[in-house]
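Note sheet for the following structure.
Quick note: the coordinates plus some simple rules give every number you see, no bench work behind them. Please read these numbers as outputs of a predicted model, since none were measured by experiment. Positions of Cβ are backbone-derived with ideal geometry, glycine not excepted, and every protein chain shown enters the neighbour counts.
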Amino acid sequence: MPCPLCDDTGWKPAEDNSGRVVRCDCWRENLGRQRLAGANIPKRYQHCTLGNFTAYNESLEQAVAKARRVAESFPVAARGLLFGGQPGVGKTHLAVAVLKQVIEGTGARGLFYDTRDLLRVIRSTYDPSTRTTELDILCPVMTAELLVLDDLGAEKTSEWVDETMNLIVNTRYNERRPTIFTSNYPDIPEQDDPNTLLFRIGARMRSRLHEMCEFVVLDAADYRERPENASADDLTAMWKLRSKAPLPSPRGGGRQARAALRDGKADLGWSGGRGGS
């Protein structure tokens with residue numbers, strides 16, 4: 001059935017009876033759906049919204065509140081976000097949720113990339129047999145009205161990687177385009193520690209990120225390790241167990257916590273009593 005307000009023209013009479021026409025809501029919704037389909041969001045995260053994110057402690061509640069504030073104030077929001085924390089705490093979920101809400105609500109041009117995948121795609125353009133150029137990939141990334149770069153710092157460092165990432169970040173910084181990053185690496189000023197964000201991306205990019213983004217650290221359990229049908233209480237118990245374990249390497253994951261779950265030594269409080277039962 002055609003839209004009763006605009007007859008599928010995309011324009012409807014203004015509500016002030018001035019004789020002007022304005023964009024119809026159906027046009028914005030259709031544009032949002034089209035742009036969401038082209039946002040490169042992985043299938044695993046296409047269900048993610050702020051509403052279905054389980055916030056079972058204060059850290060997660062604050063992260064959701066900051067994510068919602070950016071999503072609802074776009075495009076007025078002056079700064080993006082950098083979600084930090086250990087693997088599995090929900091960083092990518094929140095980043096995608098903001099991206100989806102912005103695209104669906106405003107029709108903005110948004111884009112998602114895992115940092116390593118983005119670099120792989122750019123590198124593939126150097127193959128003489130491909131017709132895609134480096135600029136074909138970089139231009140949408142640098143000009144997207146909202147960009148999500150997932151897993152910053154996970155890429156293997158090299159001079160080419162540093163130059164490419166600095167080009168992307170510096171362009172968006174200069175043009176004041178909001179960007180959302182996620183990273184497993186802690187933001188501490190340890191230049192020589194390979195397991196810090198500073199070491200992985202360099203002082204120049206880190207400085208720009210602090211001006212571009214609000215840094216939000218999520219302290220939570222690894223959601224990927226939850227038992228089937230785990231409740232918020234179960235996740236809280238897992239989080240408390242994880243908080244007692246030594247801080248793992250961002251590249252190594254929570255090995256000790258996983259071992260405790262696997263060996264049945266962790267009483268997590270859900271039905272069955274022990275992880276792995």
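Here r is the Cβ-Cβ distance between residue 158 and residue 17 and R0 is 51 Å; the resulting FRET efficiency, rounded to 0.05, is 0.25.
Over the range 1-142, consider all pairs of different Cα atoms and compute the Kirkwood hydrodynamic radius from their mean reciprocal separation; express it in Å, one decimal.
On the way: mean 1/r = 0.0563 Å⁻¹.
Its Kirkwood hydrodynamic radius stands at 17.8 Å.
Seen against the Cα atoms of the chain and their longest principal axis, helix 232-244 is set at about 60 degrees. Each of residue 120 and residue 171 was given a label point 7 Å from its Cα along the Cα-to-Cβ line. The distance between the two points is 2.2 nm. Straight-line reach from residue 12: taking Cα to Cα under 18 Å and skipping same-chain neighbours fewer than 8 places apart, the aspartates and glutamates in range are 25, 29. Computed from label points 7 Å out along Cα-Cβ, the spacing between residue 49 and residue 139 is 3.5 nm.
How would the chain be classified by its alpha-carbon gyration tensor: rounded, prolate or oblate, with rounded meaning a/c under 1.5 and the a/b versus b/c comparison settling the rest? Oblate.
Set against the 2.2 N^0.38 Å expectation for a compact globular protein, the range 105-206 has a Cα radius of gyration ratio of 1.11.
By average Cβ neighbour count within 10 Å, what is the ranking of 220-228, 194-202 from highest down? Intermediate results must be reported in sequence, preceding the final value.
Working: 220-228: 17.3, 194-202: 19.4.
Descending mean neighbour count gives 194-202, 220-228.
The gain in end-to-end length when the residue 207 to residue 73 segment is fully stretched comes to 45.8 nm, 0.36 nm per residue minus the alpha carbon separation.
Expected output is a single nm value to one decimal: the length gained when fully extending between residue 231 and residue 66, i.e. 0.36 nm times separation in residues minus the C-alpha distance. What is it?
Values: separation 165, 0.36 × 165 = 59.40 nm, distance 2.38 nm.
Additional length available on full extension: 57.0 nm.
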